[in-house]
Amino acid sequence: MLVDSPPEQRAETAPAPPTRRAIRAFGLLASLGVLVLVALASIAIGAKSLPLDQVWHGLFHDSGTYADVVVADRLSRTVLGLLVGTALGLSGAVLQALTRNPLADPGLLGINAGASAAVVTAITYFGVTSLSGYVWFAFFGAAAVGALVWFLGGSRGATPVRLALAGTAISAALYGYLQAVMIMDNAALGKMRFWTVGSLASATDTTIKQVLPFLAVGTIVALALARPLNAVAMGDDTARALGANLNRTRALSMAAATVLCGAATAACGPFVFVGLMVPHVVRSFTGPDLRWILPYAAVLSPVLLLGADVVGRMVARPAELQVGIVTAVLGGPVFIYLVRRRRTAQL
């Protein structure tokens, strides 16, 4: 997708001065500290909040008390949120760099919807019930919709707005299909009505073990692509002059994004805007260098996802608001702001 990149992304990503590198490194450590605090809040806050001393006891001592059982249950939810948040942040940053599209996001481009539709089809019509079985359908659905959006958006002549419109249209059609399937199948409705909006509530140790290999591979590949994607962001001719293998970089980038999105969606449903918001925030203080954007996105995206999950538990006690709804409410205004800012810059 050959979309003009912002001027700052066309310049050579020169090594940052030592002071700036130190600031970025310190910021990354600070972000890790924030992630730890949010993870502790995710374990402590729920229908019944727990003091930190009970959280600490439940993490390192299993004495069978109520608090220990609650901590063990919320720990699985928190760990899954960490993994899925990292996957969404990395996939969003990779897609934005690959397409040179500041509006690229797995949810906005319909990739998550494709994975969701494929999973629902596998469960309803093929009788697949295990995550290890329908995760492959999620990969296929994510890849197929990604290719379709690319084609409808104009392929090499695509623009950010055309891609966003194509992704939104396909997402609407696929979510209509999901609703039709659930209406016609009461069993499917009961099982998937929360899953289709994105939720961490059903997290278990088994779920984590089944998706961890896929997420680990996708994360490693995405982080390893930082330098080649820096070259791609400067344009095809410049990238070739720098020795980048464009076809390999694009293929690996799409594979990494598909694996990350597919595994995350198979585990807990589709989340929108996480992969859009975080890379934009990160880019505002790291600059266009993906060697910093990707690690920051990997750390701060789970901060957003877990924070949204905590908010969803607090605003609807003793019930909870699904985290996918919270991220959509937060991400909608951000998306409008980004579109308006881009249009203003083009006037």
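Among the listed values (1) 172; (2) 161; (3) 140, the one computed from these coordinates for volume of the Cα convex hull per residue in Å³ is (3). Over all orientations, region 86-132 has a Cα convex hull whose mean projected area works out to 3.8 square nanometres. Taking the accessible area of the chain, probe 1.4 Å, and keeping the other protein chains in place, the carbon and sulfur fraction comes to 68%.
Suppose every Lys and Arg Cβ carries +1 and every Asp and Glu Cβ carries -1, with no other charges. What dipole size does the chain come out with about its Cα centre, to the nearest 20 debye? Before the final figure, lay out each step's value.
Numbers: 25 positive and 15 negative charges, 167 e Å.
That gives a dipole near 800 debye.
In region 108-175 the Cα-Cα distances spread across 5 Å bins starting at 0 as 4, 21, 25, 20, 14, 9, 5, 3, 0 percent of all pairs.
With a ≥ b ≥ c taken as the square roots of the eigenvalues of the C-alpha gyration tensor of region 261-342, please select rounded if a/c is under 1.5 and otherwise prolate if a/b is larger than b/c or oblate if it is not?
On the way: a/c = 2.01, a/b = 1.56, b/c = 1.29.
Verdict is prolate for region 261-342.
Full extension of the chain segment joining ALA216 with ALA173 gains 12.4 nm, where the gain is 0.36 nm per residue of separation less the Cα-Cα distance.
Give the ranking of PHE273, PHE285, PHE60 by solvent-accessible surface, highest area first, calculated with a 1.4 Å probe. Write out the running numbers ahead of the final one.
Working: PHE273 30, PHE285 100, PHE60 125 Å².
I get PHE60, PHE285, PHE273, largest accessible area first.
Which of the three applies to region 208-325, rounded, prolate or oblate, going by the alpha-carbon gyration tensor with a ≥ b ≥ c and a/c under 1.5 meaning rounded? Prolate.
Between PHE26 and ASP53, what length comes free when the chain is fully extended (0.36 nm per residue of separation minus the Cα-Cα distance, one decimal in nm)? 6.9 nm is the gain from fully extending PHE26 to ASP53. Spin-label model, THR206/ASP62: points 7 Å from Cα along the beta carbon direction are separated by 1.7 nm.
Please give the contour-minus-distance gain from VAL161 to PHE126: 0.36 nm per residue of separation, less the Cα-Cα distance, rounded to one decimal in nm. Show your work: numbers first, answer last.
On the way: separation 35, 0.36 × 35 = 12.60 nm, distance 3.62 nm.
Extending this stretch completely gives an extra 9.0 nm.
Ordering PHE139, HIS61, THR121 by Cα displacement along the dipole of the chain toward the positive end leaves PHE139 in first place; charges were set at the Cβ atoms of Lys, Arg (+1) and Asp, Glu (-1).
Nearest 0.05, what FRET efficiency do ILE325 and PHE151 give at R0 = 35 Å with Cβ-Cβ as r?
The calculated FRET efficiency here is 0.70.
Mean separation of Cα pairs under 8 Å and 6 or more residues apart, divided by the residue count, gives the chain a relative contact order of 30 percent. Normalised per residue, the accessible area of the chain is 45 Å², obtained with a 1.4 Å probe and no contribution from ligands, DNA or RNA.
The values are calculated or read from the model by the stated rules, or taken from the named source; none is laboratory data. What you are looking at is a predicted structure, and each value in this text was computed from that prediction instead of being measured. With ideal geometry, Cβ positions are generated from the backbone for all residues, glycine too; neighbour counts draw on all protein chains shown. For accessibility, only protein heavy atoms count, side chains too; no ligands or nucleic acids. Shrake-Rupley method; radii C 1.70, N 1.55, O 1.52, S 1.80 Å.
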